[in-house]
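J.: Dropping a structure here in structure tokens format, bear with me for questions.
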Amino acid sequence: MKPWMIVLLVLAVLAVTVIVVVNRWSVTLHGRLDLRAAVLLKFIKVAKIEIFREGDPPDESRRTSKEKSQAFKGRPPAMAGVVDTRVPIPSHTIPLRVYTPGTEPIYPVVVYFHGGGWFMGDLDTHDVVCRKLALASSAIVVAVDYRLAPEHPFPAAVDDAFSAVFWVGRNAGRFGGDPSRIAVAGDSAGATLSAAVSMLARDRGEPSIAGQVLFYPATDLSKFETQSQRDFAEGYYLTRRYLEIFRAHYAPDPKDWANPLISPLLAPNLANLPPALVITAGFDPLRDEGEAYAARLAASGVPVVQKRFDGIVHGFLTLDRLFPQADAAISLAGAELKKLFGSSD
């Protein structure tokens, strides 16, 4: 056998071995993981990588988490305009970033709240997500840099989120936005804020919100007892321990855990809320409560589209270099927002 044939044979054997091994990693007691998710989780386990180190100062935790996730983010698409501004309120100002997708004179507006357990995340961690959502929805996206726990526990984030949406409702025309077509969106903790803002806007009578897009929301912080919470408590990126830490930072008083602004699934009345798109991940401890919230909205007469992305883990939206499902979720959100806004391509 010629040397080059031997090399090809060895490479073929190695390739088959890798495929077999990765396939084994993807098989779990709860179904089959996406192969990319299986590799990611194995890498996290072997390298002993943590989202953040418990006990580190908050700013240090945020910095290290941001650095670790950077490698998995895709390239930011070009925008017609990206402008930072601030919302002035009596006690402080709230940083915003306004993404304009094109050169039309007026656009509908999506106010976006980033994820991170109310403890991490900022305008930069979700920059790519906001850019892609602006392009997919043909809307201006306004990202909100709300105050974070533990320095600013509940209700600081909710207050900032509602103040930002209220300001957009009154000032959208200043940046080319249509105040009659405003939606809210967010991932994880940001999705929970979107649900809370939707309830507050309904109860207070303004601003009018056309829709809510909830990417893998946390909807019940009062307890962690769903089947997905039990199945994916450890080893699937977002763990039970992380959830407990986030909750302790955000809502240090257990009496607040059942507050509908923290746990929207427990709200006594979900009627007359904006139409919703609820996206969940198959291997996410938050999966079941997100889908339960979608079911309760539907039972309350709210138009709902619910989509589960099987085989992947929590947080996939900001891991778009690794998971093509991130772009699929953004495309779905863009399409649904266009329907809600009455927009066309």
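The values are calculated or read from the model by the stated rules, or taken from the named source; none is laboratory data. Here the structure is a predicted model, which is why all the values come from computation and not from measurement. Virtual Cβ from ideal backbone geometry, glycine too; neighbours counted across all protein chains shown.
J.: Picking from I106, I89, I140, which residue would you name as being surrounded by fewer than 20 Cβ atoms within 10 Å (Cβ to Cβ), within 21 Å of A172 (Cα to Cα), touching a Ser or Thr at 6+ places or on another chain (Cβ under 7 Å) and not charged (D, E, K, R)?
T.: From the options I106, I89, I140, the qualifying one is I89.
J.: I've got another one for you. Would a scan of segment 165-179 turn up a residue that is assigned to a strand (DSSP E or B), within 12 Å of V110 (Cα to Cα) and hydrophobic (A, V, I, L, M, F, W, C)?
T.: no
J.: Which of (1) more than 27 Å from A37 (Cβ to Cβ); (2) surrounded by fewer than 22 Cβ atoms within 10 Å (Cβ to Cβ) does E67 not meet, given it meets every other one?
T.: The failed condition is (1).
J.: Just wondering, is there one or more residues in segment 309-316 that are modelled with pLDDT of 95 or more, in contact with a Pro (Cβ under 6 Å, 6 or more places away or on another chain) and not acidic (D, E)?
T.: No, segment 309-316 contains no residue that is modelled with pLDDT of 95 or more, in contact with a Pro (Cβ under 6 Å, 6 or more places away or on another chain) and not acidic (D, E).
J.: Condition check: farther than 29 Å from L340 by Cβ, exposed (fewer than 14 other Cβ atoms within 10 Å of the Cβ) and touching a residue at least 40 places away in the same chain (Cβ under 8 Å). Does A149 satisfy that? So that I can check it myself, show each step before the final result.
T.: On the way: farther than 29 Å from L340 by Cβ: yes; exposed (fewer than 14 other Cβ atoms within 10 Å of the Cβ): no; touching a residue at least 40 places away in the same chain (Cβ under 8 Å): yes.
No; evaluated as a whole, the condition is false for this residue.
J.: I'd like to know if segment 187-210 contains one or more residues that are in contact with a Phe, Trp or Tyr (Cβ under 6 Å, 6 or more places away or on another chain), assigned to a strand (DSSP E or B) and within 30 Å of R32 (Cβ to Cβ).
T.: Yes: segment 187-210 contains one or more residues that are in contact with a Phe, Trp or Tyr (Cβ under 6 Å, 6 or more places away or on another chain), assigned to a strand (DSSP E or B) and within 30 Å of R32 (Cβ to Cβ).
J.: Answer yes or no: is there a residue in segment 193-204 that is buried (at least 22 other Cβ atoms within 10 Å of the Cβ), in contact with a Gly (Cβ under 8 Å, 6 or more places away or on another chain) and not polar (S, T, N, Q).
T.: yes
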